[in-house]
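The values are calculated or read from the model by the stated rules, or taken from the named source; none is laboratory data. Every value quoted in this text rests on a predicted model; they were computed, and no experiment measured them. Neighbour counts run over all protein chains shown; Cβ positions are idealised from the backbone, glycine included.
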Amino acid sequence: MSRSLSLSERLHISTGLVAFSIMLPTLFSMLATSTVNVAIPHIGGAFGATRDEVNWVVTSYMIAHAIMLPITGYLENKLGRRNFLKIISVIFGIGSFICILASNLNMLIIGRIIQGIGGGPFMPLSQAILLETFPKEKHGAAMGIFSLGIMVSAIVGPSIGGFLVDNLNWQWIFIINIPVAIMSVILIHVNILNNKFKVNVGKFDKIGFIALIVWLLSMQIVLDKGQQYGWFDCRWICCLSFVAVCAMVFFILWELENKNAFTDIKIFKNFNFVIGTILGSFVNMIAYMTLVVLPVYVQTLMGYTASLSGFSLIPRAIACIISMFVVAKLVTFIDNRLIIALGFILLGISTLMFTQLNLSWGFSSLILPNVLLGIGIMMTFIPIASLALSTLPKEKLSLGAGLHSLCKCVITAFTISISNAMITMFSQVHQNYLVKNIIPTSLIFQNKIDMLISKLISSNILYVAAKKANLLIYNELLTQSKLLAFIDIFAIFGLIAVILIPFAFTLKTKKEA
């Protein structure tokens, strides 16, 4: 471990330079997930692969990303903060380079795994470094910068990915990471100092690490393939789910009892950390649900292109940027719990506004709900991140940030998978209800059929006109069923946001802690 630096040496580097140096690679490590989502059809076409096969390009990065989160604190203490950050920047760049040169899908997946290994530790490390660098009275500003980088990258990622794919090609999604990786190594070497808190680390916990890999890999496969194979109607999905649960339980118990554990599960004894992690995970759930569901809605029902579906989220990004500066100031003199509660109110209102969706909605109709959602995200994300970690000892900030990020990563993976499954499931339920209205004895249905036939018969014989009329009504049934499914999803998550409002007041302020 490097020598601890004097106060004068630490003050020599401005907080602004430190924030920029750590948030630049963090921003692009988060973009590496959302930008690829819109390129899936293009990658599948390039390699002649199905959508299920190409989905592993996204899944492999998420698995590698999640696996690195709990061991970030151990590796930082073992290698030194500055060295570790430079190493993972290089790994992230190498992974991106392999993706650019990939000649087949397997090579691309290997590149994504390497990219995920390099990108995973940036999120918890940036959170810990910002909290250490900024004085306590500016922790709100620090978490504002962190929240802005995380949320805005997730929101604008589809827009950037869609623009690159539509105007250049899918390789550019990875090409843009190469200069960023090089610049990050230079900035980190110049501006990031080693952790002043020396922590003795033992041998690497191989058994715990294997249990972590088995848990996350099994869980991700179940989430990715569950809908395709009928969830628990499939025997191997049931077996793999059992393996995932057993591996998770074993990992938790092993890390509690093992003296050489690479993470400290006992951090969950900290009340603020537990409540903050739970609330933060639900904020992620609501934020990522809308990021997944809205693009599907505008592309499948409104006919938007990949670029336009990404641009529909830009109002939320702008709202996040503006509200970050406001919330960062508010948290310094207003009870953070009140800000969190107001944030959940806005999350609930904005999500419930999406339940008014209909096929006549235009681009402008999406602006107000997205703006309110962006403000609500920042009003919850910033104070929750600050209160959850600020009560931990400084030497455990990296470990705590790693576990905090792992919980969010797991809930995000669950949300992405369950959102897609809910669209399919709810659509089928509404089809079963609506199809009861399409029967020959229904006078309304018969009048509609007769009206359509009278319009189509001028260019078709009677038999063909009747077939086309029935097909038009059936397609409308499918469209309405899917629309109602979207409304149900937004209603459920809006209700979750409302239920969480009183839990904000269970958090302890910094003075109380």
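I'm trying to understand the selection: among the residues of the range 173-199, which are in a helix (DSSP H, G or I), surrounded by fewer than 17 Cβ atoms within 10 Å (Cβ to Cβ) and modelled with pLDDT under 85?
Scanning the range 173-199 gives His189, Val190.
Determine, yes or no, whether Phe134 is more than 30 Å from Gly48 (Cα to Cα), assigned by TED's automatic domain parsing to the domain that holds Asn55 and not β-branched (Val, Ile, Thr). Give the derivation first.
Values: more than 30 Å from Gly48 (Cα to Cα): yes; assigned by TED's automatic domain parsing to the domain that holds Asn55: yes; not β-branched (Val, Ile, Thr): yes.
Yes, satisfied.
Can you tell me how many residues in the range 202-235 are under 21 Å from Asn260 (Cβ atoms) and touching a Phe, Trp or Tyr at 6+ places or on another chain (Cβ under 8 Å)? Show your work before the answer.
Within the range 202-235, the subset under 21 Å from Asn260 (Cβ atoms) is 202-216.
With the extra rule that they be touching a Phe, Trp or Tyr at 6+ places or on another chain (Cβ under 8 Å), the set shrinks to 204-205, 207-209, 211-212, 215.
Within the range 202-235, residues that are under 21 Å from Asn260 (Cβ atoms) and touching a Phe, Trp or Tyr at 6+ places or on another chain (Cβ under 8 Å) number 8.
Listed here are the residues, each with its yes/no results for (1) small (Gly, Ala, Ser); (2) over 29 Å from Ile252 (Cα atoms).
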site: Ala66; (1), (2): yes, no
site: Ile71; (1), (2): no, no
site: Ser89; (1), (2): yes, yes
site: Cys99; (1), (2): no, yes
site: Leu105; (1), (2): no, yes
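Considering (1) modelled with pLDDT of 80 or more; (2) among the small types (Gly, Ala, Ser); (3) not in a helix (DSSP H, G or I), say which one Gly202 fails and leave the rest.
(1)
Can you confirm whether the range 138-147 contains a residue that is within 20 Å of Val185 (Cα to Cα) and of a type in the set (Val, Ile, Thr)?
Residues of the range 138-147 that are within 20 Å of Val185 (Cα to Cα), as a first pass: 146.
Still in the list and also of a type in the set (Val, Ile, Thr): none.
Taking every residue of the range 138-147 in turn, none turns out to be within 20 Å of Val185 (Cα to Cα) and of a type in the set (Val, Ile, Thr).
Take Phe146 and tell me if it is in contact with a Cys (Cβ under 7 Å, 6 or more places away or on another chain) and touching a residue at least 24 places away in the same chain (Cβ under 8 Å).
Judged against the criteria, Phe146 is not a match.
Need pairs with beta-carbon distance below 6 Å; first residue surrounded by 12 or more Cβ atoms within 10 Å (Cβ to Cβ) and within the range 427-440, second basic (Lys, Arg); sequence gap 6+ or separate chains.
Pairs that qualify, where the first residue is surrounded by 12 or more Cβ atoms within 10 Å (Cβ to Cβ) and the partner is basic (Lys, Arg), are Ser427/Lys482.
Any chance the range 243-256 includes a residue that's in contact (Cβ under 8 Å) with a residue 60 or more places away in the chain and under 24 Å from the mean Cα position of the chain (by Cα)?
no
How many residues, within the range 212-257, are outside any helix (DSSP H, G or I) and exposed (fewer than 14 other Cβ atoms within 10 Å of the Cβ)?
Residues of the range 212-257 outside any helix (DSSP H, G or I): 226-230, 234.
Checking the rest, the ones that are also exposed (fewer than 14 other Cβ atoms within 10 Å of the Cβ) come to 228-230.
Number satisfying all stated conditions: 3.
Is there a residue being in a helix (DSSP H, G or I), closer than 14 Å to Thr380 by Cβ and not charged (D, E, K, R) anywhere in the range 258-275?
Checked against the condition, which is being in a helix (DSSP H, G or I), closer than 14 Å to Thr380 by Cβ and not charged (D, E, K, R), the range 258-275 yields at least one hit.
Please pick out the residue among Leu368, Leu406, Leu352 that is assigned to a helix (DSSP H, G or I) and surrounded by 21 or more Cβ atoms within 10 Å (Cβ to Cβ). Explain how you work it out, then say what you get.
On the way: Leu368 fails: surrounded by 21 or more Cβ atoms within 10 Å (Cβ to Cβ); Leu352 fails: surrounded by 21 or more Cβ atoms within 10 Å (Cβ to Cβ).
The conditions single out Leu406.
Would you check which residues across the range 287-337 are outside any helix (DSSP H, G or I) and closer than 16 Å to Gly144 by Cβ and list them?
So in the range 287-337, the residues outside any helix (DSSP H, G or I) come out as 301-305, 312-313, 331-335.
Val331, Thr332, Phe333, Ile334, listed by residue number.
On the given criteria, is Ser218 at pLDDT 75 or above and farther than 30 Å from Ile314 by Cβ? Talk me through it step by step, then tell me what you get.
Details: at pLDDT 75 or above: yes; farther than 30 Å from Ile314 by Cβ: yes.
Considered against the rule, which asks whether it is at pLDDT 75 or above and farther than 30 Å from Ile314 by Cβ, Ser218 comes out as yes.
Quick one: Ser89 ticks every box in (1) at pLDDT below 80; (2) of a type in the set (Ser, Thr, Tyr); (3) under 15 Å from Met123 (Cβ atoms) bar one, so which box is it?
Going through the list (1) at pLDDT below 80; (2) of a type in the set (Ser, Thr, Tyr); (3) under 15 Å from Met123 (Cβ atoms), Ser89 breaks only (1).
Within the range 265-277, how many residues turn out to be within 24 Å of the chain's Cα centre (by Cα) and either free of Cβ contacts under 8 Å to residues at least 40 places away in the same chain or crowded, with 17+ Cβ neighbours inside 10 Å (or both)? It would help to see each step written out before you state the result.
The first filter runs over the range 265-277 and keeps only residues within 24 Å of the chain's Cα centre (by Cα), leaving 265, 267-268, 272-277.
Okay, now just the ones that are also either free of Cβ contacts under 8 Å to residues at least 40 places away in the same chain or crowded, with 17+ Cβ neighbours inside 10 Å (or both), so 265, 267, 272-277.
The qualifying residues number 8.
For Asp166, only one of the following conditions fails: (1) assigned to a helix (DSSP H, G or I); (2) modelled with pLDDT of 80 or more; (3) out of contact with any Lys or Arg (no Cβ under 7 Å at 6 or more places or on another chain). What is its number?
The one condition Asp166 does not meet is (2).
Listed residues Ser159, Ser147, Ser126; which is over 16 Å from Val57 (Cβ atoms), in the same structural domain as Val18 (by TED's automatic domain parsing) and touching a Ser or Thr at 6+ places or on another chain (Cβ under 6 Å)? Steps first, answer last, please.
Numbers: Ser159 fails: touching a Ser or Thr at 6+ places or on another chain (Cβ under 6 Å); Ser147 fails: touching a Ser or Thr at 6+ places or on another chain (Cβ under 6 Å).
Selected residue: Ser126, the only one of Ser159, Ser147, Ser126 that is over 16 Å from Val57 (Cβ atoms), in the same structural domain as Val18 (by TED's automatic domain parsing) and touching a Ser or Thr at 6+ places or on another chain (Cβ under 6 Å).
Give the residues of the range 129-163 that are closer than 27 Å to Leu79 by Cα, aromatic (Phe, Trp, Tyr) and assigned to a helix (DSSP H, G or I), sorted by residue number.
Across the range 129-163, the qualifying residue is only Phe146.
If you go through the range 326-345 one residue at a time, how many are within 30 Å of Tyr304 (Cβ to Cβ) and surrounded by fewer than 23 Cβ atoms within 10 Å (Cβ to Cβ)? So that I can check it myself, show each step before the final result.
Narrowing the range 326-345 to residues within 30 Å of Tyr304 (Cβ to Cβ): 343-345.
From what is left, the residues that are surrounded by fewer than 23 Cβ atoms within 10 Å (Cβ to Cβ) are 345.
The qualifying residues number 1.
So for the range 284-306 (the condition being under 30 Å from Ile252 (Cα atoms) and either small (Gly, Ala, Ser) or surrounded by fewer than 17 Cβ atoms within 10 Å (Cβ to Cβ) (or both)), does at least one residue qualify?
yes
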